[in-house]
Amino acid sequence: MAKLNFYAGSGLDRAAHLRKDPDWLAERLAPTGPQTRLVPYWRGKHLVAGSAETPLPVFLSPDHGWWRDLAAGSPIFLGLEGEVSYFALDFSSLDDGENQPLLTALGRFEEIRTVARLMDRQTAALYAYVRALMLWHERHRFCGACGSATEMIEAGHSRRCTNQACGISHFPRHDPAVIMLVHDGDRCLLGRQSRFAPGMYSTLAGFVEPGESLEETVARECWEEAGVRVDDIIYHSSQPWPFPSSLMLGFHARAVTQDIHVDGEELEDARWFSRDYLLASHDPETFRLPPPDSISRQLINSWLLG
Ligand SMILES: [Zn+2]
């Protein structure tokens with residue numbers, strides 16, 4: 001079975017053909033329409049109810065007619081779960097959306113990384129999907145070719161330049177990034193950036209540059225960040241990472257050199273860690289692994305169990 005990382009696996013049928021069917025979309029958004037769930041979003045946050053330990057997603061219904069006056073732009077069609085259709089609603093144009101009474105009557109806005117790991121995987125993936133699309137729209141309001149305004153089309157899955165002489169379409173983009181568990185058989189290489197929580201060490205990672213294969217990026221980043229040469233680069237799994245727009249491509253790689261030279265820019269430290277050390281308990285201020293929602297942690301766990 002495919003390895004499913006956190007923030008993947010919404011289970012939605014994206015039903016892309018329906019993005020171009022305005023009659024069907026309007027019917028699904030009509031107050032008397034069939035079952036429809038609207039996912040509220042405000043400036044990177046999602047609306048949840050329930051306790052801090054057990055947050056629950058809040059969905060609006062077309063029957064909550066007030067969303068039409070408060071939400072910016074058209075709802076974005078996300079997909080189908082059986083007969084239920086999902087749309088994302090953007091309230092980000094409200095300066096004080098976090099305190100909007102009609103919304104706060106239903107729940108509170110929370111950061112995805114605060115709540116998602118406490119929710120079921122499908123909801124976490126739904127939130128990541130919404131976040132990725134919303135951030136893309138927010139950052140692509142103007143055409144990269146001619147500088148004119150763009151407009152949302154295809155129920156939120158494309159934008160088109162409004163300058164008729166240009167008129168090109170823009171599609172949601174991801175930035176591919178590799179992330180790799182480097183090992184020498186008995187030990188693995190973990191590093192830390194200065195922005196990390198105290199004591200946290202993670203797998204090395206970096207963005208794919210133009211003209212590079214993924215394997216070349218893995219080898220280059222290991223060399224640049226830690227001064228370690230690697231071989232046997234094997235794909236493991238991937239993860240949507242909408243912070244803001246990455247697709248993480250996870251690998252295991254075998255080190256062919258052991259000496260570490262950190263670059264001092266991306267990493268402030270890198271070390272070899274034995275399995276025994278990783279499995280022992282530590283004061284988290286001294287050593288901790290990345291959070292369980294990250295592919296980094298999954299790469300480490302799979303090596304520990306391997
Ligand atoms: Zn243009």
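Taking R0 as 22 Å, what FRET efficiency do you get between Ala30 and Cys166 from their Cβ-Cβ distance, rounded to the nearest 0.05? Present the calculation step by step, with values, prior to reporting the outcome.
Values: r = 35 Å, r/R0 = 1.57.
Once the sixth-power term is evaluated, E becomes 0.05.
Run through the DSSP bridge list for the chain and note the antiparallel percent, rounded to the nearest 5.
Working: 46 of 62 bridges.
So the antiparallel bridges amount to about 75 percent of the total.
Mean 1/r over all different Cα pairs, inverted: what Kirkwood radius does region 127-186 give, in Å? Don't jump to the answer; show the numbers that get you there.
On the way: mean 1/r = 0.0746 Å⁻¹.
Final number for the Kirkwood radius of region 127-186 is 13.4 Å.
By the gyration tensor of its Cα atoms, with a ≥ b ≥ c the square roots of the eigenvalues, what is the shape of region 185-244: rounded for a/c under 1.5, prolate for a/b over b/c, or oblate?
Values: a/c = 1.55, a/b = 1.15, b/c = 1.35.
Oblate.
Remind me, relative contact order of the chain in percent, using alpha carbon pairs under 8 angstrom and six or more residues apart? Show your work: numbers first, answer last.
Working: 597 pairs, mean separation 52.4, N = 306.
Relative contact order of the chain: 17 percent.
Just from the alpha-carbon atoms, what are the Rg and Dmax of region 155-219 in angstroms?
Rg then Dmax for region 155-219, in Å: 19.1, 61.
Using only C-alpha atoms and all pairs of different ones, pull out the Kirkwood radius for region 78-207 in Å with one decimal.
Working: mean 1/r = 0.0537 Å⁻¹.
Evaluated on region 78-207, it is 18.6 Å.
Normalised by the residues of region 1-120, what does the relative contact order come to in percent, with Cα pairs under 8 Å and at least six apart? Walk me through the numbers on the way to the answer.
On the way: 180 pairs, mean separation 36.1, N = 120.
Relative contact order of region 1-120: 30 percent.
With both bridge residues required to lie in region 30-114, what share of the DSSP beta bridges run antiparallel, to the nearest 5%?
Percentage antiparallel, nearest 5: 75.
Enumerate the amide H contacts of Met200 below 5 Å, restricted to partners 5 or more residues apart or on another chain; note that Pro and chain-start residues carry no placed amide H.
Those qualifying (amide H under 5 Å, at least 5 residues apart or on another chain) are Arg288.
Can you give the relative contact order of region 124-187 as a percent, counting alpha carbon pairs under 8 Å and 6+ residues apart?
Numbers: 57 pairs, mean separation 12.9, N = 64.
20 percent.
Could you derive backbone 3J(HN,Hα) for region 47-61 from the dihedral phi with the Karplus parameters 6.51, -1.76 and 1.60 (θ = phi - 60°), listing whole Hz in sequence and x where the residue is Gly or Pro?
8, 10, 10, x, 7, 4, 7, 10, x, 10, x, 10, 10, 8, 10
Amide H neighbours of Asp269 under 5 Å, at least 5 residues apart or on other chains, H built in the peptide plane: list them.
Arg192
Most fluctuating residue of Ala205, Ala226, Ala16 in a GNM of the chain with Cα springs under 10 Å: which is it?
Ala16
What are the ³J(HN,Hα) couplings of region 10-22, residue after residue, when phi is run through the Karplus curve with 6.51, -1.76, 1.60 and θ = phi - 60°? Round to Hz, x for glycine and proline.
In residue order, the calculated couplings are 5, x, 6, 7, 5, 6, 4, 5, 7, 5, 9, 10, x Hz.
Over the Cα atoms of region 9-58, Rg to Rh with Kirkwood Rh, two decimal places? Numbers along the way, then the final one.
Values: Rg = 14.3 Å, Rh = 13.5 Å.
Across region 9-58, the Cα-based Rg/Rh ratio is 1.06.
Per q in 0.12, 0.15, 0.17, 0.21 1/Å, what log10 I(q)/I(0) does a Debye calculation on the alpha-carbon atoms of region 137-249 return?
-0.60, -0.78, -0.88, -1.10
On a 0 to 90° scale, report how tilted helix 295-305 is relative to the longest principal axis of the chain, with both axes built from alpha carbons and the result rounded to the nearest 10.
Between helix and principal axis, roughly 40 degrees.
Given Cα positions, please report Rg to Rh for region 5-93, the hydrodynamic radius being the Kirkwood one.
Details: Rg = 13.5 Å, Rh = 14.0 Å.
My calculation of the ratio gives 0.97.
When N is the residue count of region 243-298, what does its C-alpha Rg come to as a fraction of 2.2 N^0.38 Å? Present the calculation step by step, with values, prior to reporting the outcome.
Details: Rg = 13.8 Å, N = 56, 2.2 N^0.38 = 10.2 Å.
Computed over Cα atoms of region 243-298, the ratio equals 1.36.
How large is the Kirkwood hydrodynamic radius of region 172-306, counting all unique pairs of alpha carbons, in Å? Each step should come with its number before you reach the end.
Numbers: mean 1/r = 0.0672 Å⁻¹.
In region 172-306 this quantity evaluates to 14.9 Å.
GNM, the chain, Cα, under 10 Å: largest mean-square fluctuation among Ala253, Ala125, Ala72?
Ala72
Roughly how many whole Å is it from the C-alpha centroid of region 39-62 to that of region 129-162?
Between the Cα centre of region 39-62 and that of region 129-162, the gap is 24 Å.
In whole Hz and in residue order, list the ³J(HN,Hα) couplings for region 214-229 that follow from phi through the Karplus curve 6.51 cos²θ - 1.76 cosθ + 1.60, θ = phi - 60°; x for Gly and Pro.
Per residue, the Karplus-derived 3J(HN,Hα) values read 4, 5, 5, 5, 4, 5, 5, 5, 4, 6, 5, 7, 10, x, 10, 8 Hz.
Stick to Cα atoms and the Kirkwood definition of Rh, then tell me Rg/Rh for the chain. Please list the in-between numbers first.
Working: Rg = 21.8 Å, Rh = 21.4 Å.
Ratio of gyration radius to Kirkwood radius: 1.02.
Every number here is computed from the coordinates shown, using simple stated rules; none is lab data. No experiment lies behind these values; they were computed from the predicted model shown. Glycine gets a Cβ as well: all are built from the backbone with ideal geometry, and neighbour counts include every protein chain shown.
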